[in-house]
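Below is one structure, written out as C-alpha cells, with a few remarks after it.
Where a number appears in this text, it was derived from the coordinates with a stated rule and is not lab data. None of these values were measured; they are calculated from a predicted model. Cβ atoms come from the backbone with ideal geometry, glycine included; neighbour counts cover every protein chain shown.
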Amino acid sequence: MRDPYKVVVWGPGGLGTTCIYEVAQRQDIELVGVRCFDPAKSGIDAGTLIGIDPMGVAASDDAEKVAAIECDAIIFTPRDLGNYNNDEELLWLLRSGRNVITVLPYQHVRLTRDAAFVQQLEDACAAGGSVFHATGVDPDVISDRVLAGLTGFCNDIKRIKLQENWDFQFTPPITMALCGFAKTPEEARAMPVAAVIADNFTRQVCLGVGHSLGTEFSRVENSNDYIVTDKEIVQESMNIPAGTVGRVTHRCKGWVGDADEPFFEIEVNWHCGNDMLPEGTEPNQYWVIDIEGRPSIKTTVDIKSSLETMERFIPIGGMNSEPGYHATIAPCLQALPVVVKAKPGILPVTLPQMRWMPDYRQNEAV
C-alpha cells in the first residue's frame, strides 16, 4: 500500500477550513502545506487556525514557498469573486507541475469558457505534466452523478428541475448583506457580485446536464429574484425586517429547439429559515429533483451532521460547520487516487455510464 496522499490547501476560508478538518480525520491523507491570504494567519499551525489540535504544518502567505512543497495535489479553495479572478494563479500552479483539484466553477470548463482559456489550461497541464480537476457537490455529485443516474429509470424525459435550498440564517451578517438580505430588492440588485457568482455555478450545472444527457440547448438564460418577507425574521445571525429580502433565488434554464418550456432548470434558493422556503418545498430538503418523463421521478436529498442526533451542524473546534461544505470537499479528497494516476490534462467530472439520452448511440461519444 502506498504512502498517504500529500495535499496542500490553497485558501483556508470556509471550504478550506473544512478540507483541513477532514484531512485531519484521515490516515490516508497528509496535510503538507496551507496557503493563506491573510498575513495575520501566516505562521499559525493549520490545526490551531481552525480550532483543533496542532497538525505540525504552518500556514504561509508566501505563494511561491507553498507552491514549492512536494505534494500529490493542491486543493484549490481561494475566494471566488465571480469574475474568474483565480485564473492566473491556477494556470501558474499547473505550469509549475502541481496537480490541482478545485470546487470553483470550472467543472464544465469546455462548455462554459472560451476556447482560448481552455487551450491555456491544456497548455499549462502539458507544460507542468499536471492534472486539473474541478468537482464539488453541485456541479458534479448532485447534478452530474445523482441526477444523471436517476435518469436510468426513464425511457423518455420531457423536463427536469433541480432545486437547491440553502438556509442562510446562520451565515455571517457581512455575507448575508452582500447577498442582498435585509435590503430592498432594488438595493440588492445594485450589488450584483453574489448573483454573478451564483450564475457561474448554475450555468455550469445547466450546460453540464444538457451535455451529459446528449441534449443541445437552443438557448440558456440566467435570472435572479429577490423575495421579500411580509414579517420580521428574528434569527441568530441577523434580523430581517418586514418588507426586505428574505430569500434570493437564482435560476438557469435551458431550452431545446423552439419549445415553450425549458428542458432543464436549476433553481438555487438562499433562504432565511423555513418560512422563506419556496412554495411546495418542505423543511430539510437540500436538493429536490423532479424528472417528468416515462416514468416520472421525484427525489430529495438532505444533509445533516447526524441522522442519529439530527444535529444541524458539524462542530469544528468552537465553530458550527455547514454539512454542505463537508459534502463539497468529499469529492475533492475522493478524487485524489484518480488524479494521481491520470495523464496530464483536464480531468472531466465523473458521469454514470448508463443514463437516459434521446439517442443512445450518442453515449459512445459523450
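A simple spin-label model places pseudo-atoms 7 Å from Cα toward Cβ; at Thr281 and Asp38 they are separated by 3.0 nm.
Just going by the charge dipole of the chain, with Lys and Arg at +1 and Asp and Glu at -1 on Cβ, which of Gly56, Leu104, Leu150 is farthest out on the positive end? Going by the Cα projections, it comes out as Leu150.
Report note on the peptides 278-286, 91-99: ranked by the mean count of other C-beta atoms within 10 Å, highest first, their order is 91-99, 278-286. Per-residue packing, averaged as other Cβ atoms within 10 Å, sorts the ranges 176-182, 14-20, 290-296, 194-200 into the order 14-20, 176-182, 194-200, 290-296, beginning with the highest.
Looking at the chain, the DSSP beta bridges with both ends there are about 55 percent antiparallel. Dividing the mean sequence gap of close Cα pairs (under 8 Å, 6+ apart) by how many residues the chain holds gives a relative contact order of 20 percent.
In loop segments of region 201-258 as defined by DSSP, the GluC sites (Glu not before Pro) with at most 16 further C-beta atoms inside 10 Å of their C-beta are Glu216, Glu232, Glu236. For the peptides 32-40, 354-362, the ranking by packing is 32-40, 354-362, with the highest mean count of neighbouring Cβ atoms within 10 Å listed first.
Taking the Cα centre of region 1-70 as reference, the dipole from Cβ charges on Lys and Arg (+1) and Asp and Glu (-1) amounts to some 80 debye. Normalised by 2.2 N^0.38 Å, where N is the number of residues, the alpha-carbon radius of gyration of region 138-310 equals 1.08. Computed about the Cα centre, the dipole magnitude for region 138-310 is approximately 200 debye when only Lys and Arg (+1) and Asp and Glu (-1) carry charge, each at its Cβ. The length gained on full extension between Lys343 and Gln25, counted as 0.36 nm times the residue separation minus their Cα-Cα distance, comes to 111.6 nm. For the pair Tyr360 and Glu216, the difference between a 0.36 nm per residue extended length and the Cα-Cα distance amounts to 50.4 nm.
I'd like the distance between the alpha-carbon centres of region 136-177 and region 267-333, rounded to an integer number of Å. Computed from Cα coordinates, the inter-centre distance equals 9 Å. Remark on region 1-139: hydrodynamic radius 15.4 angstrom, per the Kirkwood mean of 1/r across alpha carbon pairs. Pairwise Cα distances in the chain exceed 25 Å for 57 percent of all pairs.
Each of Phe263, Ser237, Met357 was scored by the projection of its Cα onto the charge dipole of the chain, and the greatest displacement toward the positive side belongs to Met357; charges sit on the C-beta of Lys, Arg, Asp and Glu.
By the rule of a C-alpha distance below 20 Å, with chain neighbours fewer than 8 residues away ignored, the lysines paired with Lys41 are Lys65.
Any idea what log10 I(q)/I(0) is at q = 0.11, 0.12, 0.20 Å⁻¹ for region 258-358, Debye with uniform C-alpha scatterers and no solvent? For region 258-358 at q = 0.11, 0.12, 0.20 Å⁻¹, log10 I(q)/I(0) is -0.58, -0.68, -1.24.
What the Cα convex hull of region 4-85 gives, in volume per residue, is 91 Å³. Using θ = phi - 60° in the Karplus curve 6.51 cos²θ - 1.76 cosθ + 1.60, the 3J(HN,Hα) couplings for region 217-232 round to 7, 7, 7, 9, 10, 9, 8, 9, 10, 10, 9, 8, 9, 8, 8, 5 Hz; x is entered for Gly and Pro.
Taking the convex hull of the alpha carbon positions in region 72-187 and averaging its projected area over all directions gives 10.9 nm².
Shown for the chain: cysteine residues without a partner Cβ closer than 4.7 Å, namely Cys19, Cys36, Cys71, Cys125, Cys154, Cys179, Cys272, Cys332. Using a cutoff of 8 angstrom between alpha carbon atoms and counting only pairs six or more residues apart, the relative contact order for region 253-366 works out to 9 percent. With 0.36 nm allotted per residue and the present C-alpha distance subtracted, the Asp45-Leu178 stretch has 44.8 nm of extension available. Of all aspartates and glutamates in the structure, the ones whose alpha carbon falls short of 15 Å from that of Lys231, not counting any fewer than 8 places away in one chain, are Asp275.
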